[in-house]
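Take a look at the structure below.
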Amino acid sequence: MIAAYDLDEMVDLLALKRPLQGPAGQTMASKVATLPLREAVTLVVEEWADDKFRQLSAVIVRHSGPPIRGFEEIKDLYAKADAVSAS
């Protein structure tokens with residue numbers, strides 16, 4: 001289910017670093033960018049299309065509500081943003 005999101009809200013896009021060959025627990029998220037929600041979902045779906053690990057590990061941190069953690073929700077928001085820009 002998609003809540004009502006402001007596609008122009010500034011958000012932080014995070015992605016997990018690839019697991020290292022070291023001890024467990026070394027996987028950490030890093031901030032990729034701060035940008036509007038519309039651009040964040042486009043970046044994850046279009047520009048990271050060749051990197052499934054990065055797509056699946058993406059987290060969009062909103063300041064107005066809970067973070068968006070699932071790739072399925074990100075894809076749904078991408079479709080909504082695309083539909084809004086097409087009209």
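Would you confirm whether any residue within the range 66-76 is modelled with pLDDT under 95, over 11 Å from the mean Cα position of the chain (by Cα) and among the small types (Gly, Ala, Ser)?
Looking through the range 66-76, none of the residues is modelled with pLDDT under 95, over 11 Å from the mean Cα position of the chain (by Cα) and among the small types (Gly, Ala, Ser).
Of all residues being under 22 Å from Lys17 (Cα atoms) and of a type in the set (Phe, Trp, Tyr) in the range 51-80, which is surrounded by the fewest Cβ atoms within 10 Å (Cβ to Cβ)? Just the residue, please. Write out each step before concluding.
Of all residues in the range 51-80, those under 22 Å from Lys17 (Cα atoms) come to 51-62, 66-75.
Within this subset, residues satisfying the condition of being of a type in the set (Phe, Trp, Tyr) are 53, 71.
Working: Phe53: 13, Phe71: 16.
Ranking the qualifying residues of the range 51-80, first place goes to Phe53.
Got a number for residues in the range 61-83 being closer than 15 Å to Glu9 by Cα, in contact with a helix residue (DSSP H, G or I) (Cβ under 8 Å, 6 or more places away or on another chain) and in a helix (DSSP H, G or I)? Show your work before the answer.
Taking the range 61-83 and keeping what is closer than 15 Å to Glu9 by Cα, we get 61-68, 74, 77-78, 80-81.
So of that shortlist, the ones also in contact with a helix residue (DSSP H, G or I) (Cβ under 8 Å, 6 or more places away or on another chain) come out as 62, 68, 74, 77-78, 81.
Those left that are additionally in a helix (DSSP H, G or I): 74, 77-78, 81.
So the count comes out to 4.
Name the pairs: first residue in the range 8-33 and modelled with pLDDT of 75 or more and outside any loop (DSSP other than H, G, I, E, B), second residue loosely packed, with under 13 Cβ neighbours inside 10 Å and among the β-branched types (Val, Ile, Thr), Cβ to Cβ under 9 Å, at least 6 apart or on different chains?
Short answer, once both residue conditions are applied: Met10/Thr34; Val11/Thr34; Asp12/Thr34; Leu13/Thr34; Leu16/Thr27.
The values are calculated or read from the model by the stated rules, or taken from the named source; none is laboratory data. Worth saying up front: this structure is predicted, and the values here are computed from it rather than measured. Note that we place each Cβ from the backbone using ideal geometry, even for glycine, and neighbour counts take in every protein chain shown.
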